[in-house]
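As structure tokens, the structure follows; a few thoughts come after it.
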Amino acid sequence: MTGYLGFIGGVEAAVGNKAPAPSYKKTIQPIFNANCVYCHMSGAMQGGLTLEPGLSPRSLVSIKSTGSPLMLVVPGKPNDSYLIHKLEGTHLKVGGMGASMPFSAGVLLKLEEKDLALIHRWILLGAVDN
Ligand code: HEC
């Protein structure tokens, strides 16, 4: 986590080792709402995945991905979670397929490092639905 030490106070508090686990509803779902849900919702489940409030994170945790041999989210194990590989762009190296997320034709989009760090930490600390 030393790589994040350059961030200003609030962010460091959010990702620092002693910080409490991020709340799914307050912290993680808003990241999905802003970047993912318009493609990953009931009626438009790209890749077979919904990230809609109320359906996620049940749709992620211990669910097998459609595009790889991995689970989407393995509680406590971000590196075994296909979600993280799709966000980091390492999905092809772990037997996955398709594009990195958030998908956008032509341009390479990537979540902000602080959002990636929060999702990583949420999984590491048990991927709790809270
Ligand atoms: C513009 C539409 C679009 C956006 C925005 C988008 N996705 Fe996707 N997503 C797709 C499509 C299409 C696929 C299936 C093809 C592929 O894997 O590249 C997919 C597949 C996935 C998969 C693999 C599902 C599986 O079971 O294998 C994950 C995980 C995923 N997206 C997560 C996200 C997350 C998290 C975000 C937001 C940060 C996001 N996506 C934003 C279109 C989108």
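Read phi for every residue in region 95-111 and hand back ³J(HN,Hα) as whole Hz from Karplus 6.51 cos²θ - 1.76 cosθ + 1.60, θ = phi - 60°, with x for Gly and Pro.
My calculation for region 95-111 gives x, x, 9, x, 9, 7, 10, x, 5, 7, 4, x, 9, 8, 9, 9, 5 Hz in order.
Met97 to Leu124: FRET efficiency via 1/(1 + (r/R0)^6), r the Cβ-Cβ distance, R0 22 Å, to the nearest 0.05?
That pair, Met97 with Leu124, gives E of 0.30.
Compute the angle between helix 113-124 and the longest alpha-carbon principal axis of the chain, please, reported from 0 to 90 degrees and rounded to the nearest 10.
Rounded to the nearest ten degrees, it is 80.
How much net charge surrounds Met71 when only other residues with a Cβ under 14 Å from its Cβ are counted (Lys, Arg +1; Asp, Glu -1)?
Numbers: positive: Arg58, Lys64, Lys77, Lys86; negative: Asp80.
Residues close to Met71 contribute a combined charge of +3.
In deg cm²/dmol, rounded to 500, what helix-only [θ] at 222 nm does the chain give when every DSSP H run of at least 4 residues adds -39500 (n - 2.57) and the total is split over its residues?
For the chain, the value works out to -7000 deg cm²/dmol.
Calculate I(q)/I(0) for region 44-100 by the Debye formula, one identical point scatterer on each C-alpha and no solvent, and give its log10 at q = 0.19, 0.21, 0.28, 0.29 Å⁻¹ to two decimals.
Evaluating at q = 0.19, 0.21, 0.28, 0.29 Å⁻¹ gives log10 I(q)/I(0) of -0.60, -0.74, -1.23, -1.28.
If each residue of separation counts as 0.36 nm, what is the full-extension length gain between Ala105 and Ser23 once their alpha-carbon separation is subtracted?
26.4 nm
How large is log10 I(q)/I(0) at q = 0.12, 0.14, 0.18 Å⁻¹ when the Debye formula is applied to the Cα atoms of region 9-124, each weighted equally and without solvent?
Summing over Cα pairs of region 9-124 leads to -0.40, -0.55, -0.93.
How big is the accessible area of Ser62 in square angstrom, nearest 10, if you roll a 1.4 angstrom probe over the protein chains?
My reading of the accessible area for Ser62 is about 70 Å².
Please sort by residue number the trypsin sites (Lys or Arg not before Pro) in region 97-130 whose DSSP state is loop and whose Cβ has at most 15 other Cβ atoms within 10 Å.
Counting only loop positions with at most 15 other Cβ atoms within 10 Å, the trypsin sites (Lys or Arg not before Pro) in region 97-130 are Lys110.
The values are calculated or read from the model by the stated rules, or taken from the named source; none is laboratory data. Quantities reported herein were computed from a predicted structural model and do not represent experimental measurements. All Cβ positions, even for glycine, are placed from backbone atoms using ideal geometry, and neighbour counts span all protein chains on display. Just the protein is used for accessible areas: all its heavy atoms, side chains included, with ligands, DNA and RNA removed. Shrake-Rupley method; radii C 1.70, N 1.55, O 1.52, S 1.80 Å.
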